[in-house]
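Here is the structure we will look at.
The values are calculated or read from the model by the stated rules, or taken from the named source; none is laboratory data. Source: prediction; values computed, not measured. Ideal geometry is used to build each Cβ from the backbone, glycine not excepted, and the neighbour counts take in all protein chains shown.
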Amino acid sequence: MMIPSEIKFAQHHYLLNYDPDTHIYRVDGEGALSSVTSILKAEGIQQYGPRNSAADFAMQVGTWVHQAIAWYEKGTLDEGTLSEGIAPYLASYILFKKATGFEPILPLIETPMWHHNWRYSGTPDLPGRIGERFCLVDLKTGAKRAGDTVQIAAYGSLVMDSVVGFEAIFPEGMVVYLDSSGTRAKAEPVSALSMHENLTTFYAALRCHRWKTAHGQEGA
């Protein structure tokens, strides 16, 4: 199916309230929604190291890089203001784009979304296209983790549920590991079939997470 030329969000999308300071997603009249990353972390599928000052700084760098790339794509970035620690990641991303022909869909960049059936939330990085194929890019500034492909599949389902005309367009995925030296990023393609298979893993994790929460076993 063709990617729609005009982007329209489903009606339920506008019920979502996202607080960027606390990273909490809420739906009007309901409590907070679990996010993709919180679900995968709780169920041990996406594992992170211990919290310390170095880990917190690395997480902050990732946030800055994501923001810089979003501004770059929207044409609002002053590249002269980038620090020496952030600029190489942008250069790595630009090389990735040139090598693959990837083009993001601008209205969908870093847009908080929620799934109105499965009732989870998240912010896909860069929904876009390579040629006429729908491709979802997830940017990473750290090392590869086993759960990365499950995470991107969950984001793909958010786009399918939140954007009119994408309901039957199952995306391909591309996990892009940006290089801190500014050389070309390592891109790991995820086929549409693998995205579907990884999505079933995410839904299983979501069901387990909800069962544990309902029975007071969140830390189990």
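Give me the residue from segment 161-174 that is surrounded by fewer than 22 Cβ atoms within 10 Å (Cβ to Cβ) and not aromatic (Phe, Trp, Tyr) and, out of that set, nearest to Glu197 (Cα to Cα).
That would be Glu172.
From the list Leu90, Leu82, Leu77, Leu33, which one is modelled with pLDDT of 95 or more and either over 28 Å from Gly131 (Cα atoms) or touching a strand residue (DSSP E or B) at 6+ places or on another chain (Cβ under 9 Å) (or both)?
Leu33
In the list Ala146, Ala154, Ala168, which residue meets the criterion of being in contact with a strand residue (DSSP E or B) (Cβ under 8 Å, 6 or more places away or on another chain) and among the hydrophobic types (A, V, I, L, M, F, W, C)?
Ala154
Mind listing whichever residues of segment 18-56 are loosely packed, with under 11 Cβ neighbours inside 10 Å and in a helix (DSSP H, G or I)?
Ser53, Ala54, Asp56
Can you tell me which residue in segment 67-83 is farthest from Pro124 (Cα to Cα), limited to those that are in contact with a helix residue (DSSP H, G or I) (Cβ under 9 Å, 6 or more places away or on another chain), part of a helix (DSSP H, G or I) and among the aliphatic types (A, V, I, L, M)?
Ala68
Yes/no matrix, rows are residues, columns are (1) modelled with pLDDT under 95; (2) of a type outside the set (Asp, Glu); (3) in contact with a Leu (Cβ under 7 Å, 6 or more places away or on another chain); (4) not in a strand (DSSP E or B):
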residue: Leu95; (1), (2), (3), (4): no, yes, no, yes
residue: Asn117; (1), (2), (3), (4): no, yes, no, yes
residue: Val137; (1), (2), (3), (4): no, yes, yes, no
residue: Ile152; (1), (2), (3), (4): no, yes, yes, yes
residue: Phe170; (1), (2), (3), (4): yes, yes, no, yes
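Out of the residues in segment 119-135 that are farther than 24 Å from Ser180 by Cβ and part of a loop (DSSP other than H, G, I, E, B), which is nearest to the chain's Cα centre (by Cα)?
Only one residue fits best here, namely Tyr120.
When segment 167-220 is examined, which residues are found to be of a type in the set (A, V, I, L, M, F, W, C) and touching a Lys or Arg at 6+ places or on another chain (Cβ under 7 Å)?
Scanning segment 167-220 gives Val175, Val176, Leu178, Ala220.
Go through (1) within 24 Å of Ala154 (Cβ to Cβ); (2) in a loop (DSSP other than H, G, I, E, B) and name the single condition Met59 misses.
With respect to (1) within 24 Å of Ala154 (Cβ to Cβ); (2) in a loop (DSSP other than H, G, I, E, B), Met59 is out only on (2).
Could you please find all residues in segment 127-142 being closer than 25 Å to Thr63 by Cβ and of a type in the set (A, V, I, L, M)?
Leu136, Val137, Leu139
Residue-by-condition table, conditions (1) of a type in the set (Ser, Thr, Tyr); (2) in contact (Cβ under 8 Å) with a residue 60 or more places away in the chain; (3) in contact with a Phe, Trp or Tyr (Cβ under 8 Å, 6 or more places away or on another chain):
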{"position": "Lys8", "(1), (2), (3)": "no, yes, no"}
{"position": "Tyr14", "(1), (2), (3)": "yes, no, no"}
{"position": "Gly31", "(1), (2), (3)": "no, no, no"}
{"position": "Val36", "(1), (2), (3)": "no, yes, yes"}
{"position": "Glu43", "(1), (2), (3)": "no, yes, no"}
{"position": "Gln46", "(1), (2), (3)": "no, yes, no"}
{"position": "Met59", "(1), (2), (3)": "no, no, no"}
{"position": "Ile69", "(1), (2), (3)": "no, yes, yes"}
